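One structure is given below, represented as structure tokens, and several questions about it will come after.
The values are calculated or read from the model by the stated rules, or taken from the named source; none is laboratory data. Model, not experiment: these values are computed from the prediction. Counting neighbours? That spans all protein chains shown, and the Cβs are built from the backbone with ideal geometry, glycine included.
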Amino acid sequence: MNIFRLLGDLSHLLAIIILLLKIWKTRSCAGISGKSQILFAIVYTTRYLDLLTTYISAYNTVMKLVFIVASYATVYLMYVKFKATYDHNHDTFRIEFLLVPALILALLINHEFTVLEVLWTFSIYLESVAILPQLFLVSKTGEAESITSHYLFALGSYRALYLLNWVYRYFVEDHYELIAIVAGVVQTILYCDFFYLYITKVLKGKKLQLPA
Amino acid sequence: TQNQSSHDEL
């Protein structure tokens, strides 16, 4: 464990908590893409199957359980409890266009051709594009609530911090995982324009408005 | 060393 990965995990946990609080407190999931939340639930389910097979540490196990439970709780809140506030008119990204390529790529490019490893690889590829429905929704509505942009900033920062973690592990532990690194770079790049808008607007107290 | 199938990251 290193400080970059710890900060990354905490940023990830913060994002998930911000989102749950936003939906629970405002009793509304307006401005949130349910499709992205479904993709995240799939990402954690397919990535953390090793909870059943290998024990790495209490921290690792607890965080995986938290991420799985929180992602399903979010999907439940959006599609069941606060379903009336779900913006299905704007949340129209076709997630099959993300799921199928990620699965095909995972079958073609992986570390070893076993069920667990292919599913882990699938979850890595899927996570890198899982935020696209959310960014698509924000671009369609042209704006995002401040709390939603804080959620996105924390979520984007988590994988950006993981990039630093991978640099650290390469130089200090002589360890690297090319599949995770390439997908992590793609994932972070997708946030770039949001990061720019967040830093230039939201941090100055303005609302996140995308140029129409 | 390329890490194989024991993924220790979240």
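Considering A:I42, A:I95, which residue is touching a residue at least 60 places away in the same chain (Cβ under 8 Å), of a type in the set (A, V, I, L, M), closer than 25 Å to A:G142 by Cα and surrounded by 13 or more Cβ atoms within 10 Å (Cβ to Cβ)?
Sole residue among the options that is touching a residue at least 60 places away in the same chain (Cβ under 8 Å), of a type in the set (A, V, I, L, M), closer than 25 Å to A:G142 by Cα and surrounded by 13 or more Cβ atoms within 10 Å (Cβ to Cβ): A:I95.
Output the qualifying pairs, or none if there are none: Cβ atoms under 6 angstrom, residues six or more apart or on different chains, first residue in segment A:1-19 and within 11 Å of A:S157 (Cα to Cα) and more than 12 Å from chain B (Cβ to nearest Cβ), second residue buried (at least 19 other Cβ atoms within 10 Å of the Cβ) and of a type outside the set (A, V, I, L, M).
A:A15/A:Y151
Yes/no per residue for (1) in contact (Cβ under 8 Å) with a residue 60 or more places away in the chain; (2) over 14 Å from B:E9 (Cα atoms); (3) away from chain B (no Cβ under 14 Å); (4) surrounded by 15 or more Cβ atoms within 10 Å (Cβ to Cβ):
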residue	(1), (2), (3), (4)
A:D50	yes, no, no, yes
A:Y55	no, no, no, no
A:N60	no, no, no, yes
A:F67	no, no, no, yes
A:A70	no, yes, no, yes
A:A73	no, yes, yes, yes
A:M78	no, yes, yes, yes
A:K81	no, yes, yes, no
A:D87	no, yes, yes, yes
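Could you tell me which numbered condition A:L203 fails, if it satisfies all but one of (1) at pLDDT 95 or above; (2) in a helix (DSSP H, G or I); (3) more than 11 Å from every other protein chain (Cβ to nearest Cβ)?
(1)
For segment A:25-52, which positions are closer than 24 Å to A:T85 by Cβ and charged (D, E, K, R)?
A:K25, A:R27, A:K35
Something else now. Filter segment A:37-57 down to the residues that are under 16 Å from A:I95 (Cβ atoms) and in contact with a Phe, Trp or Tyr (Cβ under 8 Å, 6 or more places away or on another chain) and list them by number.
A:A41, A:Y44, A:T46
While we're looking at this one, here's another question. Here are A:Y162, A:Y170, A:Y158: which of them is within 13 Å of another protein chain (Cβ to nearest Cβ), free of Cβ contacts under 8 Å to residues at least 12 places away in the same chain, within 19 Å of A:G8 (Cα to Cα) and in a helix (DSSP H, G or I)?
The conditions single out A:Y170.
OK, next. Criterion first (among the hydrophobic types (A, V, I, L, M, F, W, C), on the phi < 0 side of the Ramachandran plot, more than 17 Å from the chain's Cα centre (by Cα) and surrounded by fewer than 17 Cβ atoms within 10 Å (Cβ to Cβ)) does A:L107 satisfy it?
So A:L107 fits the description; yes.
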